[in-house]
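Take a look at the structure set out below.
The values are calculated or read from the model by the stated rules, or taken from the named source; none is laboratory data. Just so we're clear, the structure is a prediction, and the values are computed from it rather than from any experiment. Glycine gets a Cβ as well: all are built from the backbone with ideal geometry, and neighbour counts include every protein chain shown. With ligands, DNA and RNA removed, areas are computed over all heavy atoms of the protein, side chains included. Shrake-Rupley method; radii C 1.70, N 1.55, O 1.52, S 1.80 Å.
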Amino acid sequence: MGATLRALRALVLLLGFYLLSLVLLAALAGVDVLVFGWGHGPLTAKVGFVTVLLAIPVVRGMLMLRTPKGEDPPGLPVTDADEPRLWALVRELAAAAGTRAPDRILLTGEVNASVSEEPRLLGLLPGPRRLTLGVPLLIGLTEAQLRSVLAHEYGHFTGGDTRLSALVVRGRVQIGRVIGQFHAKADGKVAADRARQERASAKRVAKGRKAKEIDTTGVGATYRTMARIYTAYGKLYLRASLSTARGQEYAADLTAARIAGRDATASALREIPALSASHDFYLDSYATLGLQARLLPPRGEFFGGFGRLLAAREPEPAKPRAELPEMPVGPYDSHPPIADRVRRIEALPADGRADEARGAALTLLADPERTLGALEDAVLLDELLACPRAAGWEELLNASMAAGLAATQTPLHRALTAYTGRPATLSALLDVIDDGRLWRLAERLPLSEVAAAAKGRAFREFVRPVLLRSLRTMVLAEFSACSLLSWEFSWTGPATVRLPGGDTGTGDAGPETDLDAALQAAVADHPDTGRLRALLPSAVQNV
């Protein structure tokens, strides 16, 4: 569908909203005329009052004359003086696409790129343009892949998609606004009726009578019926406008392949889903690692560490790139499935451009470290930026694990407190074990019905794994509180504990083996804390 036909459809959909509103207003006016024709009285006044209340949200929705302007996402604006190479690439690709370059570039912390325009007269006249570019894309893509991503976004400019969005967005906002107002009115009616019934019920109770059950069934039904009418049209509106959006994505992909090359476009489409998944993992496991200890990574590393993770785990994303997810298309999806888009691009004839611009896209930035640091200032919340910075990732990990161990409350902590009536400490637990009361303490652990019903050895086998895990945590917390514990940081796997008196505790003998043996002895059928007590003082002596 060409831009003219898409513009016509967007205009028809928007006019459909006004037509629906006029029909409903006419229906309400017809009700008033019909009722007033019967005569005047309380019923006539009530009906007139209700129709006026129903008409107000409709009229408000119709009188929204301006298309709401989207706010900038959190990001770092960069000028030509800040990033000359990036701006040169942006202008070069705009010229290749035959369109006007963006007026602004905004760097963000998302795995995403987008373009927007603020046109005038519902898209009839062009307006300022903005390119939003996620720095994780610069970190994870090659320059050729980034060229493809930018060329795809320019495809939306050349297709008139950004200018038509003014019509589409206006219709969505107006419909949503009317629906929201009707639901708010209905909710207000329900709240008022419930309050009235509760007051009446309280009076009945005060007089010694039985309270009536609160029932708001049917209250606000007229408002909700009006909301359902607009919701039905809203679903039609979304289906039509979003199906058009999917066609726009296919057309923009072809623009990308023409400008940046078939292979770069296909590889970028394959790479971005894997990059997005890796970035989510990085944020959860690394960038926010020190939040419990109120500590941030070194300056620039909150976003820059993502590149270190990708470099260390380079082979891992290969499978997601090769096996694209086959996702069904829903009626309200604005983008076609990635797998379908890749197949369409890879079906194009080879263009001999497979080896172009294979360097890292991040090198387009004049000073990546400076930009990554400035992006943190622009994107992160002020309360996070107020946190001190760790000197390195090792310090961040150690502080995080220490804070986590200090705050950990295992099932054994809670059971010990309930059993002794005193704060749960490792020393108190060892005393309970030496007194021969471990299995009575274990009865206070959260147990399944089968475990709680078990007796003797069977009971001990059920609870022993929980005891071992909790006891190990308490011992590690004791080492950590004495500053005797450290952790081996890794970009490729989980952190490894370093116990006192050894390196990483991963060999066949050493601190880890000694600790495991001591823990096993402490929760054996006939518990013995001797090994564990001996290990703890020896650790303290190593301070």
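For region 406-414, does any single residue satisfy the condition of being over 30 Å from R440 (Cβ atoms) and of a type in the set (A, V, I, L, M)? There is no residue in region 406-414 that is over 30 Å from R440 (Cβ atoms) and of a type in the set (A, V, I, L, M). Figure legend. Inter-residue proximity from region 22-36: first residues of a type outside the set (A, V, I, L, M, F, W, C), second residues open to solvent by 60 Å² or more (accessible area, probe 1.4 Å), beta-carbon distance below 9 Å, spacing 6+ or different chains. Indicated pairs: D32/V52. Listed by first and then second residue, the pairs with beta-carbon distance under 9 Å, at least 6 apart or on different chains, first residue in region 341-352 and without any contact (Cβ under 8 Å) to a residue 60 or more places away in the chain and surrounded by 10 or more Cβ atoms within 10 Å (Cβ to Cβ), second assigned to a loop (DSSP other than H, G, I, E, B) and small (G, A, S), are G352/G261.
Of all residues in region 203-221, those that are closer than 24 Å to L54 by Cβ have Cβ atoms under 6 Å from Cβ atoms of residues that are of a type outside the set (S, T, N, Q) and open to solvent by 60 Å² or more (accessible area, probe 1.4 Å), 6 or more apart or on another chain, in T216/R194; V219/K189; G220/K189.
Considering only region 379-396, state which residues are part of a loop (DSSP other than H, G, I, E, B) and acidic (D, E).
Keep residues of region 379-396 that are part of a loop (DSSP other than H, G, I, E, B), which gives 380-381, 386-388, 390-392.
The answer is none; no residue qualifies.
Return a yes/no flag: does region 477-487 have any residue that is closer than 20 Å to L532 by Cβ, in contact with a helix residue (DSSP H, G or I) (Cβ under 7 Å, 6 or more places away or on another chain) and among the aromatic types (F, W, Y). Within region 477-487 (the criterion being closer than 20 Å to L532 by Cβ, in contact with a helix residue (DSSP H, G or I) (Cβ under 7 Å, 6 or more places away or on another chain) and among the aromatic types (F, W, Y)), the answer is yes, since at least one residue qualifies.
Does A251 count as in a helix (DSSP H, G or I), at pLDDT below 95 and surrounded by 21 or more Cβ atoms within 10 Å (Cβ to Cβ)? Quick ask: steps written out before the conclusion?
On the way: in a helix (DSSP H, G or I): yes; at pLDDT below 95: yes; surrounded by 21 or more Cβ atoms within 10 Å (Cβ to Cβ): no.
No: the conditions fail for A251.
Any idea which residue in region 416-456 is surrounded by the most Cβ atoms within 10 Å (Cβ to Cβ), counting only those that are among the β-branched types (V, I, T) and more than 44 Å from the chain's Cα centre (by Cα)?
We begin by selecting, within region 416-456, every residue among the β-branched types (V, I, T); these are 417, 420, 425, 432-433, 450.
Still in the running and more than 44 Å from the chain's Cα centre (by Cα): 432-433.
Working: V432: 18, I433: 20.
Among residues in region 416-456 that are among the β-branched types (V, I, T) and more than 44 Å from the chain's Cα centre (by Cα), the one surrounded by the most Cβ atoms within 10 Å (Cβ to Cβ) is I433.
Looking across region 94-117, the residues that are in contact (Cβ under 8 Å) with a residue 60 or more places away in the chain and surrounded by 14 or more Cβ atoms within 10 Å (Cβ to Cβ) come down to A94, A96, A97, L107, T108, G109, V111. A single member of R460, R440, R472, R464 is farther than 18 Å from H413 by Cβ, of a type outside the set (A, V, I, L, M, F, W, C) and in a helix (DSSP H, G or I), and it is R460.
Beta carbons closer than 6 Å, at least 6 apart along the sequence or on distinct chains, pair a first residue in region 402-419 that is of a type outside the set (S, T, N, Q) with a second that is open to solvent by 50 Å² or more (accessible area, probe 1.4 Å) and in a helix (DSSP H, G or I) for A403/Q292; G404/Q292.
Restricting to region 245-262, what's the tally of residues that are within 26 Å of R358 (Cβ to Cβ) and polar (S, T, N, Q)?
Applying the first criterion (within 26 Å of R358 (Cβ to Cβ)) to region 245-262 yields 249, 252-262.
From what is left, the residues that are polar (S, T, N, Q) are 255.
Qualifying residue count for the region: 1.
A quick yes/no check of all residues on (1) within 16 Å of G134 (Cα to Cα); (2) out of contact with any Ser or Thr (no Cβ under 9 Å at 6 or more places or on another chain); (3) among the hydrophobic types (A, V, I, L, M, F, W, C); (4) outside any loop (DSSP other than H, G, I, E, B):
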| residue | (1), (2), (3), (4) |
| --- | --- |
| S267 | no, no, no, yes |
| I272 | yes, yes, yes, yes |
| A277 | yes, yes, yes, yes |
| L283 | yes, yes, yes, yes |
| Y286 | no, yes, no, yes |
| F306 | yes, no, yes, yes |
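Restricting region 54-93 to residues that are farther than 21 Å from D377 by Cβ and open to solvent by 70 Å² or more (accessible area, probe 1.4 Å), the residue that is modelled with the lowest pLDDT is L65. Looking only at residues in region 267-311 that are open to solvent by 40 Å² or more (accessible area, probe 1.4 Å), under 20 Å from L141 (Cβ atoms) and among the aliphatic types (A, V, I, L, M), the one that is farthest from the chain's Cα centre (by Cα) is A311.
Do we find that A386 is exposed (fewer than 14 other Cβ atoms within 10 Å of the Cβ), aliphatic (A, V, I, L, M) and either under 30 Å from L438 (Cα atoms) or at pLDDT below 90 (or both) in this structure?
Working: exposed (fewer than 14 other Cβ atoms within 10 Å of the Cβ): yes; aliphatic (A, V, I, L, M): yes; either under 30 Å from L438 (Cα atoms) or at pLDDT below 90 (or both): no.
In short, no.
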